[in-house]
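Novice: What follows is a single structure, and I will ask about it in a moment.
Any read-out appearing in this document is the output of simple, stated calculations on the displayed coordinates, not a laboratory observation. Here the structure is a predicted model, which is why all the values come from computation and not from measurement. Note: ideal-geometry Cβ built from the backbone for every residue, glycine included; neighbour counts use all protein chains shown.
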Amino acid sequence: MEKFRYAIIGCGPTGIGAAYRLKELGIHDFIILEKSSFYGGLATSFIDEQGFTWDIGGHVQFSHYPYFDKAMDIALGTDGWLDHQRESWVWMHNRFIPYPFQNNIHRLPTEIRDECLKELKNNPQREIKNFHDWILNQFGTGIARHFLFPYNFKVWAYEPHQMNSSWVGERVSTIDIKRIEENIKLNRDDVSWGPNNMFRFPKSGGTGAIWKSLSKKIGFDKIRLNTAVKSIHAHEKTINTDNGNQIQYEHILSTMPLDNLTKKIIGLDQKIVKEAADFKYSSTHIIGIGIKGKPHHELSTKCWMYFPEDNCPFYRVTLFSNYSPMNVPDKGGPYFSLMVEVSESHFKKVRRDALVEEVIQGLINTKLISAQDQIVSKWQYFAEHGYPTPFLDRDTRLKKIIPTLDDLQIFSRGRFGGWKYEVSNQDHSFMQGVEWVNRMENNEKELTFQA
């Protein structure tokens, strides 16, 4: 049996954040166990056979933490980044509308614009029981019906009435009617809102380059890839892996999905296992389409686009070649690349065998490409756990599960370990790992996860 002071399950941003902080504190007695063959978890990147680089979804680097910013500079160097001003758009009614949608309804057809504004100004307030109610209270029935209801179903794969509203925070721009009316009067685009209106992206290697670099700085010998956890014995403080090894630990951090973790803990109260067993989440299909030529002029400066209508299966498309010219092959071009995201759940089924062709048809329907013969590369990735859904009684259940696991000295953190979408960006996730180490070593409060 091997013995380690710290055992970390998962080599995504949270696990890497914890290991990074341990090494910074001069603590080297730790091990990371990662079930996959790569570093970075959902923040990894791949290069396809034609030389196109792809992320697992639309990741960008913007931060709430100076500590995280410094770590990013250490990962790639200050010259390893490209800076971008966000250009995000909504495609509907056969036109692009700047995001946030509600600030730019002047671009809608006149009848729909007037409907949205009228119902926004005469908007009765309701008791908020779920995300559906929150949307109506904030935006009125017009904006909800035309954009927010269909879009949120496409991205979450759950209807808004199946979700709570406690997660929203800075994720959604709220309403300023005076500002909207002024934008209509002046026919003015309003694009500056949001925490990520400026962001940066790695020059080469995609988002995964960050996490592979930090893994190298931690030490590849501290990370065991292709090592899945079979069981955890809390009282004996041991981990059994699928390859037959046993590890004894003093402290353990798990970043695996909470619903999976609870099933692996020997002797855990079955009430807790049951509470976590049906946690709601959506899966994500990432389809990368590499294209010969240059994007048409309307796309040339865009970053990502949202698609609420039913003429395409995807909810978001990222013009990934705009993030870095090294995201496409350097020979035989020019090329550009579109990275497409499609959600799936029990409530939103996907025809997996036909999905790539449906995506391509959707790209044609939405005028992102003109014909299939432009395409030189097709890449596909499926993330079983894509989005941790903030379902109705999520917070109530977490208040039962997390303290129970903490009492067992099994700490579950990260995008799916903590199941808090509102603190699951890369910076949040990384800092959850850092702050957990600070709690273990210095008895400091975990500000991000407990917020």
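Novice: For the pair residue 300 and residue 407, how long in nm is the line joining their label points, each one 7 Å along Cα→Cβ?
Specialist: In this crude label model, residue 300 to residue 407 measures out at 6.3 nm.
Novice: State which entries of 154/349; 216/331; 35/230 exceed 19 angstrom in Cα-Cα distance in the structure shown.
Specialist: In this structure, 216/331 lie more than 19 Å apart at Cα.
Novice: What area, in nm² and to one decimal, does the C-alpha convex hull of the stretch 1-90 cast on average over all directions?
Specialist: It is 9.0 nm².
Novice: Moving to a separate point now. For the chain, with only Lys/Arg (+1) and Asp/Glu (-1) charged at the beta-carbon, what is the dipole magnitude about the Cα centre, in debye rounded to 20?
Specialist: Approximately 120 debye in magnitude.
Novice: At a 10 angstrom cut-off on C-beta neighbours, averaged per residue, how do the peptides 437-447, 23-33 rank from highest to lowest?
Specialist: 23-33, 437-447
Novice: Return the FRET efficiency for the residue pair residue 23, residue 128: r is the Cβ-Cβ distance, R0 is 30 Å, and the value is rounded to the nearest 0.05.
Specialist: That pair, residue 23 with residue 128, gives E of 0.10.
Novice: Another question, if that's okay. For the stretch 107-185, I need the span (max minus min coordinate) of the C-alpha atoms along each principal axis, in Å, sorted largest to smallest.
Specialist: Principal axes ranked by extent give 36, 23, 22 Å for the Cα atoms.
Novice: Still on this structure, I have one more. Dividing the Cα radius of gyration by the Kirkwood radius, what Rg/Rh value follows for the stretch 350-451?
Specialist: Radius of gyration over Kirkwood radius for the stretch 350-451 works out to 1.20.
Novice: (1) 73, 73, 44; (2) 66, 57, 36; (3) 70, 58, 42: which one is Cα extents along the principal axes in Å as calculated from this entry?
Specialist: The listed entry that was calculated here is (3).
Novice: Determine the sum of side-chain charges near residue 181: Lys and Arg each +1, Asp and Glu each -1, restricted to other residues whose C-beta is under 12 angstrom from that of residue 181.
Specialist: Local charge sum for residue 181: +3.
Novice: Provide, as a two-decimal number, the C-alpha radius of gyration of the stretch 291-381 over 2.2 N^0.38 Å, N being how many residues it has.
Specialist: Dividing the Cα Rg of the stretch 291-381 by 2.2 N^0.38 Å gives 1.09.
Novice: Straight-line reach from residue 302: which aspartates and glutamates have a Cα under 17 Å away, not including same-chain ones fewer than 8 places off?
Specialist: 83, 87, 189, 190, 341
Novice: Around residue 60, with a cut-off of 10 angstrom between Cβ atoms, what is the net charge of the other residues, counting Lys and Arg +1 and Asp and Glu -1?
Specialist: Residues close to residue 60 contribute a combined charge of +1.
Novice: Report ³J(HN,Hα) in whole Hz for each residue of the stretch 91-98, in order, from the Karplus equation J = 6.51 cos²θ - 1.76 cosθ + 1.60 where θ = phi - 60°; Gly and Pro get x.
Specialist: The phi angles translate into 9, 7, 6, 6, 7, 8, 10, x Hz.
Novice: Additional query: Which distance in Å, rounded to a whole number, links the C-alpha centroids of the stretch 319-373 and the stretch 193-241?
Specialist: Each part's Cα centre sits 27 Å from the other's.
Novice: Between residue 73 and residue 356, what is the spin-label point distance in nm, taking each point 7 Å from the Cα along the Cα→C-beta axis?
Specialist: Calculated label separation equals 4.3 nm.
Novice: Something else now. Please give the FRET efficiency for residue 187 paired with residue 242, using the beta carbon to beta carbon distance and R0 = 51 Å, rounded to the nearest 0.05.
Specialist: The value I calculate is 0.25.
Novice: Loop-only check: which GluC sites (Glu not before Pro) in the stretch 192-298 are DSSP coil with at most 13 other Cβ within 10 angstrom?
Specialist: Hits after loop and neighbour filter: 236, 298.
Novice: Taking the Cβ of residue 230 as the center, what net charge do the other residues with Cβ under 9 Å away carry, scoring Lys and Arg +1 and Asp and Glu -1?
Specialist: Net local charge, residue 230 excluded: 0.
Novice: What's the angle, to the nearest 10 degrees (0 to 90), between helix 208-218's Cα axis and the longest principal axis of the chain?
Specialist: 20
Novice: How much length is gained if the chain between residue 370 and residue 118 is pulled fully straight, taking 0.36 nm per residue apart and subtracting their Cα-Cα distance, in nm to one decimal?
Specialist: Extra length available between residue 370 and residue 118 comes to 87.0 nm.
Novice: For Cα pairs less than 8 Å apart in space and 6+ apart in sequence, what is the mean separation divided by the residue count of the chain, i.e. the relative contact order in percent?
Specialist: Contact order relative to length: 25 percent.
Novice: On to the next question. What 222 nm value per residue comes from the helices of the chain, counting each DSSP H run with n ≥ 4 as -39,500 (n - 2.57) and dividing by all residues, nearest 500 deg cm²/dmol?
Specialist: About -9000 deg cm²/dmol.
Novice: Quickly work out the residue 271-to-residue 326 label distance, labels modelled 7 Å from Cα along the C-beta direction, and quote it in nm with one decimal.
Specialist: 5.4
Novice: Now, a different point. Give me the aspartates and glutamates in straight-line cross-link reach of residue 294: C-alpha distance below 17 Å, same-chain residues under 8 apart excluded.
Specialist: Qualifying aspartates and glutamates at Cα under 17 Å: 330, 373.
Novice: Which aspartates and glutamates, if any, have their Cα less than 14 Å from the Cα of residue 70, not counting same-chain residues under 8 positions apart?
Specialist: In chain and number order, the partners are 24, 79, 427.
Novice: Using only Cα atoms, tell me the angle between helix 13-24 and the longest principal axis of the chain; keep it within 0 to 90° and round to the nearest 10.
Specialist: 50
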